[in-house]
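Any read-out appearing in this document is the output of simple, stated calculations on the displayed coordinates, not a laboratory observation. Since this is a predicted model, take the numbers as computed values, not measurements. Positions of Cβ are generated from backbone atoms using ideal geometry, with glycine treated the same way; all protein chains shown enter the neighbour counts.
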Amino acid sequence: MVGRKLVAEAAGTFILVFFAVGSAIFGIQTIGEAGVAFAFGLVLVALAYAIGPVSGCHVNPAVTLGVLLARRMSPREAGGYVAAQLVGAIVAGAFLKGFVTWGGITDQTGALGTNGWGKTINGGGAFAIEVLLTALFVLVVLLVTGRATAPGFAGLAIGLALATVHFVGINLTGTSVNPARSIGPALFAGSEALKQLWLFIVAPLFGALLAAVVWPLVRADDDVNPPRAESVEAVAEAAKSAAAVPRQS
């Protein structure tokens, strides 16, 4: 079961990076920044319902850190998730580079869809905006996946949250909020992207930490004292057990 979760995380991150970042590389001049933002959101909505039942559909080390800090998974499991996400993102970056280099496709971003700063925002502003955007996104993930939320709508809320943060940040930094999404393309984009990569690793992790701090202050009453989870399986089993208890009329 653990192996299946890691495969799901690797495959899901590959799909997110290849198709969402690919929408910018292959078509931003046609669909515009709003189209790219919607592409990120729609891909994540699809993934949430496709692999969410398998792994929780983190596909983002910042989300995994937030879930870990919320005590919904163990450190060992979180480490496996992050490793799988990085593998998926790097393979996706290689595929994107391959299409541009050998496929005869014009890179419409000019930088393989990497994140960066300097044209519309400075380094300090980029760090602050990435922290805030990631905090919002991870906070939404933590809130809508709680026990008191309406079942069936979490994936939609999470996808809309990702689209929203892209609307705000795509013209500033390209919007990372996901270290794996930044690392994958940057490894194949050249030295300039690699020089600025550190910010898009560190800032999203700070954002996840901020979200984990705010989450207990705004979560629903039913999530006030969540059980400490030794693994994602433990949470799933607890949910199944709760659902199996007959309700009193």
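Membrane-span-like helices in the chain (whole DSSP H runs, Cα extent of at least 15 Å along the helix axis, mean Kyte-Doolittle hydropathy of at least 0.5): 2-15, 22-55, 75-102, 123-144, 154-169, 199-218, 232-244. Once the chain from Lys195 to Thr164 is taken as fully extended at 0.36 nm per residue, the excess over their C-alpha distance is 8.5 nm. Taking trypsin sites (Lys or Arg not before Pro) across segment 61-135, the ones in a DSSP loop with at most 16 further Cβ atoms lying within 10 angstrom of their Cβ are Arg71, Lys119. I'd like to know which of Ala70, Ala92, Ile158 lies farthest towards the positive end of the charge dipole of the chain, counting +1 on Cβ of Lys and Arg and -1 on Cβ of Asp and Glu. Result: Ala70, furthest along the dipole toward the positive end. Using every pair of separate Cα atoms, the Kirkwood estimate puts the hydrodynamic radius of the chain at 18.2 angstrom. Pairs of Lys residues in segment 2-242 that lie 8 or more places apart, or on two chains, and have C-alpha atoms under 29 angstrom apart add up to 5.
For segment 118-194, the set of chymotrypsin sites (Phe, Trp or Tyr not before Pro) satisfying both a DSSP loop assignment and a count of at most 14 other C-beta atoms within 10 Å is given as Phe153.
Return the calculated 222 nm mean residue ellipticity for the chain, to the nearest 500 deg cm²/dmol, obtained by summing -39500 (n - 2.57) across DSSP H runs with n ≥ 4 and dividing by the residue count.
Working: 10 runs with 170 residues, N = 249.
That calculation yields -23000 deg cm²/dmol at 222 nm.
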